Each structure stands twice: as C-alpha cells, then as structure tokens.
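Since every read-out is calculated from the coordinates, none of them should be taken as a lab result. Nothing here was measured: the structure is a model prediction, and the numbers come from that model. FYI the Cβ positions are ideal-geometry reconstructions off the backbone, even for glycines, and counts take in every protein chain you see.
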Amino acid sequence: MSSGGSAYAAAGVDIDAGNEAVALAQDALTATYGAEVLGGVGAFGGLYDAAALREMSAPVLAASVDGVGTKVLLAERAGEYAGIGHDLVNHCVNDILAQGASPLFFLDYVASAKLSPKKAAAVVKGVADACRNCGCALLGGETAEMPDVYAADAFDLVGAVVGVVEKMQRLPRGGIAEGDLLVGLRSSGPHTNGYTLIRSLFADVSLESVPEGHDRSLGEMLLAPHRCYYPLLRESLGMRDGNIKALAHITGGGVLENLPRALPDDLDAVVRMGTWPLPAVFSLIQQRGCITDREMYRVFNMGLGMVAVVSPSALNSVQQSIADETVVIGELVGGDGRVRLT
C-alpha cells in the first residue's frame, strides 16, 4: 500500500463515505427529536428520557424489529430510495400498533457492499420523515459497508421500534366473541410482502411502463409505500370503552395467516371476498402469474393493511373515529382459529 492512501478503503470500506452519509441526513434525523431525546447525532447510543411514562398507570414497552425484504431490490432497480424508508418505519409501527402501543423511538440499519452517501442519506431521510409523521424519534442507527457480505449495488434495510401501551389497554383484549365484526382498512398495495414473487413475475417489464387499462406506471404501483395506521387508529385505541378488541396487521402470510394471530383458538374469521375494493395491482399480479385466489390471500394483503375486531354495537363509533375508508369484511364464528374465505 503506497503512503498517503487508505488501506481500509482499498479493502472496500470507505470511512469518509460513511461520515458523508450521516452529514447528509443529519437535518432529517434531528427533525424527529423532541425534548425526550437527550444528546445528538454521533453518540455511542441514543438516549430517551422516559420520565413521562411515570404518568401512566402500568406502562408496558412494546418492541418490534423487521426489514422490507426484497423490495429493496426493486427500489434499487427503480432508483427510488426514500419510499423504502417509509416502508420500514410504517411496517414496524403497525406491528406494535397491533398490541395497542404508541411508538416512542426507532433505530435503523442500512448495509451495502459499497456505500453511496447520497443513496444512504435518501433512505435515512425516508426513515426520518416516516418517524416524524407518527411522532416517533429516530434515536440512532448504523450505516455499514460490507463488500464481502452483500452483492455489488445491493443494500439491506432493517429497523426496530420501541413503543408503550397501558397494560390494561393492550391488544388483543378479552371479550372477543362470535358475532364480532371484522373491519378492514385499505392498503396502498403489496406493502412490503411478496416481492420475491413480484420481482420474478415482472423481471422483464419496464417499471416505467403503464400496464394496459391502468393509470399508473408499474413502478408506482409496486413501490407505493407501506401505509401507517397509527395516526388513523390512535383515537379509537384511546377510547375508554375499548371499542377495538383486536388488530391484525396483514403482512407476510397475508389475510389467511395474520387474522388468526389476533383471535382466540375457538373462533374462525369469515372473510367475504368482494366486500372491499381490490387494488388493481393485485389483479395484475394474479393474472400475470396465473395464481390461485387462495395463494394470493396467503401471500398478499389483497388491499387490506389492517383489520380490526369490533362488536356490532361499537361499529358506528369505530368507523366514525377513523378518518379513512373502512369496510366490514366479515365476522367471527365458532371454529378452530382459522380464516374461511367466502
């Protein structure tokens, strides 16, 4: 190695690029900080003042860690990176929302074979924007360059959220019973699931093309960010009478695998197909892959990003508290903890 050069950079890791990525994203990071965040960017660990939790009767911390799967490869192909940050945060926040929890802070991890400061900063800015949208601090993270682990031009994105819920208000609540209704909230598309199948189906199709009969490009439909349901459901979850008994975040495993996670073992969910508008992207996927209805409902959310369990008497109150389109998609009946598609 000649003098004046960097042996580490020659081996594949550029420390200066990492520092540049942090500098480019710093304003977006600090924009998520409230008075609870102690310290700033660059500390060895993030500090969050939890004194406000003393005002709660019995605070329970809720945590979730997840990634966005192979949707990162589609984002790389399209050269669109901010949306993938929204995907990450919203997925994790929705997961703890299914426990009734509100997000407190978030941590992210961006890794690649060769770090592009502008690309990494775009991803982190997307993460920060999504955090700010749901009142969550982006407390810290890691940007890693690992040339022997990741393929050239590939990157991975992972995050973890910590939130809090009153012990007596956590979900699912007791009293879930036969006759309770299933209320669906619409998704924006596939969210973050099924992308290995999606990429195989559209590998030879331009993301800029507009499929016949559609009004958006293929890339716009497939890269639409995962919705966050916390702002929509915050009011309902805060109701003292507990109108929402359970929430199911429809992620990997689709409707068939996720609804049972929120239900007692002695009840089935009857889901009536056709009771909600199916986003056009799912018909496009199904037709191109000649995929059965059952597999579609096991892989994709099929237009439902979150499903709430409510009693018939609480239906109007819950729907009026949600500033978005909702639809009754079915009900609970006696059974053995599975989903019946009708």
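Measure nothing but the geometry: give the 0 to 90° angle between the long axis through the Cα atoms of 15-30 and the longest principal axis through the Cα atoms of the chain, rounded to 10°.
40
What Cys residues in the chain are without a partner cysteine, judged by a Cβ distance under 4.7 Å?
Cys92, Cys134, Cys228, Cys290
For the range 158-271, what does the alpha-carbon gyration tensor say about shape, rounded, prolate or oblate, given a ≥ b ≥ c as the root eigenvalues, a/c under 1.5 as rounded, and a/b over b/c as prolate?
Prolate, because a/c is 1.5 or more and a/b exceeds b/c.
Using Cα-only point scatterers and the Debye equation, what is log10 of I(q)/I(0) for the range 13-169 at each q in 0.12, 0.16, 0.17, 0.19 Å⁻¹, rounded to two decimals?
Per q value, in the given order, log10 I(q)/I(0) is -0.50, -0.85, -0.94, -1.14.
Given the options Ser187, Ser102, Ser313, state which has the largest fluctuation in a GNM of the chain using a 10 Å cut-off (strictly under) for Cα springs.
Sorting by GNM fluctuation, first place goes to Ser313.
What shape does the range 181-341 take by its C-alpha gyration tensor, where a ≥ b ≥ c are the square roots of the eigenvalues and a/c under 1.5 counts as rounded, a/b above b/c as prolate, and the rest as oblate?
Values: a/c = 2.44, a/b = 1.64, b/c = 1.49.
Prolate shape, in that a/c is at least 1.5 and a/b is the bigger ratio.
Could you check what % of the DSSP bridge pairs in the chain are antiparallel, to the nearest 5?
Numbers: 42 of 53 bridges.
Counting DSSP beta bridges with both partners in the chain, the antiparallel share is about 80 percent.
Viscosity 1.306 mPa s, temperature 10 °C: what is the translational diffusion coefficient of the chain from Stokes-Einstein with a Kirkwood Rh over Cα pairs, rounded to a whole number of µm²/s? Write out the running numbers ahead of the final one.
On the way: Rh = 21.4 Å.
Rounded, D is 74 µm²/s.
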